Amino acid sequence: MSNILYLVIPCYNEEDVLPQTAVQVEKKMTSLMESNIISPDSKVLFIDDGSTDETWSMIRQLYDENKLFTAIRLAHNSGEQNAYFAGMMTAVEHADVIITIDADLQDDINAVDDMLRAYSEGYEIVYGVRASRKNESFFIRATAALFYKLMKILGTELIPNHSQYRLMSRRAVLALADYGEVNLFLPALVPLLGFKNTKVYHERIPRTEGRSKYSVKRLFLLAIQAITSFSLAPIRLLNWVGVLFLLVAAGLAVFSIVRAVTGQTTGWLWVLSSVWAVGGMTVLSLGVAGEYVGKTYVESKRRPRYIIQENLNDDFS
């Protein structure tokens, strides 16, 4: 018997790309069903992450016209990571295998075939990895490379050039459900599961409609979340920075004494520079420590990651 596949696609204000996305995923899913690679009970599950445009209305229309499509609507914008998690937790009770992908389909939908082939060979997690980043700007390529190197130094396992495009078996998703933290960063969390995994390489396709939701600000905040959610190295580094500054302060003190003994006066610039340096490091240290304290505060509240406002399938109730 063929496996039931759920294709999980979060959407936030995707009215520009949704019609084209629906056509492509319907074509792919139909082809897989006709080839008996997946079960006819397979679905495309959209997650409306609190969209303020016509995204939900368009999803409802897709559902009315074709029962291949189904969806849930979150009560408010919960963020990309929580939207993916909501989709997986909704699909896991009905699917044998789940594939997550962004709504703009810049990740090649045809790589699904290779993912399912790897799954049939016994891999429970299959990562969709970009074969190259040639279509991206130098700034994006450079900062991405720096991010992956930094995460490796901090001891966090990431799959380079992989974002959210991945296949997970039902067993792997159920294991993921046991992780209770509110501050989710799935690209780092999924590798912790330890299931047999592999990679499928694909080309990144330029976005044809709408604007990418991955602004520089959003990518920066996502990087901060990744670092502070999975590594204590930054806060431990502050101890060494503190020691370094104490040594520098001691050196400056000795230097000032020597100059005073030899009859030379120490300039006010040294004092001012020291004050600014220490002040800057103090503020930075408080910021890093505050990031961790803030995350602990949020986690301690145990608030729900998301709230489902509406669903288009009675099985999801």
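The values are calculated or read from the model by the stated rules, or taken from the named source; none is laboratory data. Model, not experiment: these values are computed from the prediction. Backbone-built Cβ (ideal geometry, glycine too); neighbour counts: all protein chains shown.
Restricting the range 141-169 to residues that are touching a Leu at 6+ places or on another chain (Cβ under 8 Å) and farther than 19 Å from residue 9 by Cβ leaves a set whose member that is surrounded by the most Cβ atoms within 10 Å (Cβ to Cβ) is 151. For the range 111-138, the set of residues classified as hydrophobic (A, V, I, L, M, F, W, C) and touching a residue at least 60 places away in the same chain (Cβ under 8 Å) consists of 111, 112, 115, 116, 118, 125, 126, 129, 131, listed by residue number. For the range 70-81, the criterion of a residue being within 13 Å of residue 313 (Cα to Cα) and among the polar types (S, T, N, Q) is satisfied by at least one position.
Scan 52, 70 and give me the residue that is modelled with pLDDT under 95, assigned by TED's automatic domain parsing to the domain that holds residue 176 and either touching a helix residue (DSSP H, G or I) at 6+ places or on another chain (Cβ under 7 Å) or β-branched (Val, Ile, Thr) (or both). Step by step, each of 52, 70 is checked, and only 52 is modelled with pLDDT under 95, assigned by TED's automatic domain parsing to the domain that holds residue 176 and either touching a helix residue (DSSP H, G or I) at 6+ places or on another chain (Cβ under 7 Å) or β-branched (Val, Ile, Thr) (or both). Inside the range 72-91, residues that are crowded, with 21+ Cβ neighbours inside 10 Å and closer than 20 Å to residue 3 by Cα make up a count of 4. The set of residues from the range 17-49 being within 25 Å of the chain's Cα centre (by Cα) and either surrounded by fewer than 17 Cβ atoms within 10 Å (Cβ to Cβ) or not assigned by TED's automatic domain parsing to the domain that holds residue 110 (or both) comprises 19, 20, 24. Could you check how many residues of the range 58-110 are assigned to a helix (DSSP H, G or I) and either of a type in the set (D, E, K, R) or without any contact (Cβ under 8 Å) to a residue 60 or more places away in the chain (or both)? Residues that pass the stated criteria total 7. If the condition is being part of a helix (DSSP H, G or I) and polar (S, T, N, Q), then the range 40-57 contributes 55, 57. For residue 46, the conditions (1) out of contact with any helix residue (DSSP H, G or I) (no Cβ under 6 Å at 6 or more places or on another chain); (2) of a type in the set (Phe, Trp, Tyr); (3) closer than 21 Å to residue 177 by Cα all hold with the exception of (1).
Just one of (1) of a type in the set (Asp, Glu); (2) under 19 Å from the mean Cα position of the chain (by Cα); (3) surrounded by fewer than 14 Cβ atoms within 10 Å (Cβ to Cβ) fails for residue 104. It is (3).
Could you tell me which residue of the range 132-144 is modelled with the highest pLDDT, considering only residues that are under 21 Å from residue 186 (Cβ atoms) and in a helix (DSSP H, G or I)? This residue is 143. Candidates 59, 38, 47: the one that is hydrophobic (A, V, I, L, M, F, W, C) and over 14 Å from residue 310 (Cβ atoms) is 38.
Within the range 298-317, the set of residues being over 13 Å from residue 75 (Cβ atoms) and either at pLDDT 75 or above or part of a strand (DSSP E or B) (or both) comprises 312 only.
Here is a yes/no grid of residues against (1) of a type in the set (A, V, I, L, M); (2) within 19 Å of residue 172 (Cβ to Cβ):
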residue: 5; (1), (2): yes, yes
residue: 57; (1), (2): no, no
residue: 74; (1), (2): yes, no
residue: 81; (1), (2): no, yes
residue: 90; (1), (2): no, yes
residue: 95; (1), (2): yes, yes
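In the range 125-132, is there at least one residue being touching a helix residue (DSSP H, G or I) at 6+ places or on another chain (Cβ under 6 Å) and of a type in the set (Gly, Ala, Ser)? Within the range 125-132 (the criterion being touching a helix residue (DSSP H, G or I) at 6+ places or on another chain (Cβ under 6 Å) and of a type in the set (Gly, Ala, Ser)), the answer is yes, since at least one residue qualifies.
A Cβ distance below 8 Å, combined with a sequence gap of six or more or placement on separate chains, defines the contacts here; from the range 290-317, residues that are β-branched (Val, Ile, Thr) reach residues that are part of a helix (DSSP H, G or I) and modelled with pLDDT of 75 or more in the pairs 308/86; 308/90. Residues in the range 175-214 that are of a type outside the set (Lys, Arg), modelled with pLDDT under 85 and not in a loop (DSSP other than H, G, I, E, B): 188 alone.
Criterion applied to 161, 135 was being polar (S, T, N, Q) and within 14 Å of the chain's Cα centre (by Cα), and the one residue passing it is 161.
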